[in-house]
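A quick write-up on the structure given underneath.
Bear in mind that the values in this text are calculations on the coordinates, not laboratory data. Computed from a predicted structure; not experimentally measured. Neighbour counts run over all protein chains shown; Cβ positions are idealised from the backbone, glycine included.
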Amino acid sequence: MWLLDSGASAHFTNNFNTFVEYQPYVKPHHSQTANCLASVLGKNSVLICFNENIVQLSPMIYMPICTFQLVSLGTLLKNNCLYVQSTKGYIHIIDDCTKHNVISFHTHGDSTMYWVRAPPVHDITNANINMIAIDYKLLHHQLRHSSKNVFSAVHKHVKDYPSMTILPVEPICPGCQLGKQPNRPFVVNESHTMKPFELIHLDLKFFETKSYHRSRYIIIIYDDYTFMGWIKPL
Ligand SMILES: [Zn+2]
């Protein structure tokens, strides 16, 4: 159950299990509520499902003592594609590009509180439903770290693929950086040799095609003391 809040600075949840991505704060932050100063422990993204739409709520703040789960109207409308429409007893959030109803909040009787019942979604890779208002970073993480080129081509091949802002500069993803590293970084070594050829580094490289001088291999010799290197075809 989510309560629409026009005054909240961000979305808030008291349920840690709703997060698809979570980043704990190094030190707990504090947020002023109506009657106390509450600690917030981390933030990131939550996906909820409403009428076969998946909607991303981000940034979602984790506040364990929060009484209700809050959807911030202001944060939703920061997404330029979305606008508000209302009918009797309902507030609808509409996608301006597709005119699709992204999510609707409703009220009961004379109450001025608007609610929606929308379960959390944890895996979108097999979801046969519309993904709306989801950003590049979240899709990148959920769809096995696909590149920006994949996302820019996918519209041509997948029907009803969600409209999404492709960032002009691809943000550096720590997971991709680590994944593309062939080796662990070398540890710093302060020791050094005292005379030439006390320690040499060798590498032997094989070529599929013979060189002009009919060599198949190349040997690289590097002297640790003088920093001199030699390359010799074999
Ligand atoms: Zn990545």
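With runs of 4+ DSSP H residues as the only contributors, calculate the mean residue ellipticity of the chain at 222 nm using -39,500 (n - 2.57) per run, divided by the residue total and rounded to the nearest 500.
Working: 4 runs with 28 residues, N = 234.
When only DSSP H runs of four or more count, the value is -3000 deg cm²/dmol.
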Note to self: To make sure I understand, if each residue's beta carbon is the centre and we count other beta carbons within 10 Å, what order do Glu208, Glu21, Glu52 fall in, fewest to most?
What the structure shows: Glu208, Glu52, Glu21
Notebook entry, point to check: Within the chain, what's the longest stretch lacking trypsin sites (Lys or Arg not before Pro) that sit in DSSP loops with no more than 16 other Cβ atoms inside 10 Å?
Noted result: 1-77
Check: Hey, got a sec? Which chymotrypsin sites (Phe, Trp or Tyr not before Pro) in segment 1-107 land in a DSSP loop and have at most 14 other Cβ atoms within 10 Å?
Finding: Phe68
Note to self: Rounding to the nearest 10 and keeping the result within 0 to 90°, find how far the Cα-based axis of helix 148-157 lies from the longest principal axis of the chain.
What the structure shows: 60 degrees
Next item on the list: Mind checking which of Tyr25, Gly175, Trp2 is farthest towards the positive end of the chain's charge dipole, using Cβ charges of +1 (Lys, Arg) and -1 (Asp, Glu) about the Cα centre?
Entry: Gly175
Check: Given Ile219, Val154, Ala38, which one lies farthest toward the positive end of the charge dipole of the chain, if we put +1 on the Cβ of every Lys and Arg and -1 on the Cβ of every Asp and Glu?
Finding: Ile219
Check: How big is the charge dipole of the chain about its Cα centre, in debye rounded to the nearest 20, if each Lys and Arg gets +1 on its Cβ and each Asp and Glu gets -1 on its Cβ?
Finding: 620 debye
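From the Cα gyration tensor of segment 1-60, with a ≥ b ≥ c the square roots of its eigenvalues, which class applies: rounded if a/c is under 1.5, or else prolate if a/b is larger than b/c, or else oblate? Intermediate values should be presented prior to the final figure.
Values: a/c = 2.55, a/b = 1.39, b/c = 1.83.
Here segment 1-60 falls in the oblate category.
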Margin query: Calculate the FRET efficiency for Thr112 and Cys176 from the Cβ-Cβ distance with a Förster distance of 45 Å, rounded to the nearest 0.05.
Written below: 0.45
Notebook entry, point to check: When the Karplus curve 6.51 cos²θ - 1.76 cosθ + 1.60 is applied with θ = phi - 60°, which whole-Hz ³J(HN,Hα) does each residue of segment 92-107 get, with x for Gly and Pro?
Noted result: 9, 9, 10, 7, 5, 6, 9, 6, 7, 7, 6, 7, 10, 10, 10, 10
Next item on the list: List every residue whose amide H lies under 5 Å from the amide H of Gln69, counting only residues 5 or more places away in sequence or on a different chain, with H placed 1.01 Å from N in the peptide plane.
Entry: Leu3
Check: Spin-label point model (7 Å from Cα, Cβ direction): what's the Arg214 to Lys195 distance in nm?
Finding: 4.0 nm
Notebook entry, point to check: Quick one: Karplus J couplings for segment 174-188, per residue in order, coefficients 6.51, -1.76, 1.60, θ = phi - 60°, nearest Hz, x for Gly and Pro?
Noted result: x, x, 5, 4, 5, x, 8, 6, x, 10, 6, x, 6, 6, 5
Check: Picking from Phe197, Met63, Cys81, whose Cα lies most toward the positive end of the charge dipole for the chain (charges on Cβ: Lys, Arg +1; Asp, Glu -1)?
Finding: Phe197
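What shape does segment 165-234 take by its C-alpha gyration tensor, where a ≥ b ≥ c are the square roots of the eigenvalues and a/c under 1.5 counts as rounded, a/b above b/c as prolate, and the rest as oblate?
Judged from the Cα gyration tensor, segment 165-234 comes out oblate (a/c at least 1.5, b/c at or above a/b).
Translational diffusion coefficient, Stokes-Einstein: compute it for the chain using the Kirkwood radius over C-alpha pairs as Rh, at 25 °C and 0.890 mPa s, and state it as an integer in µm² s⁻¹. Before the final figure, lay out the partial values.
On the way: Rh = 22.4 Å.
Estimated via Stokes-Einstein, D reaches 110 µm²/s.
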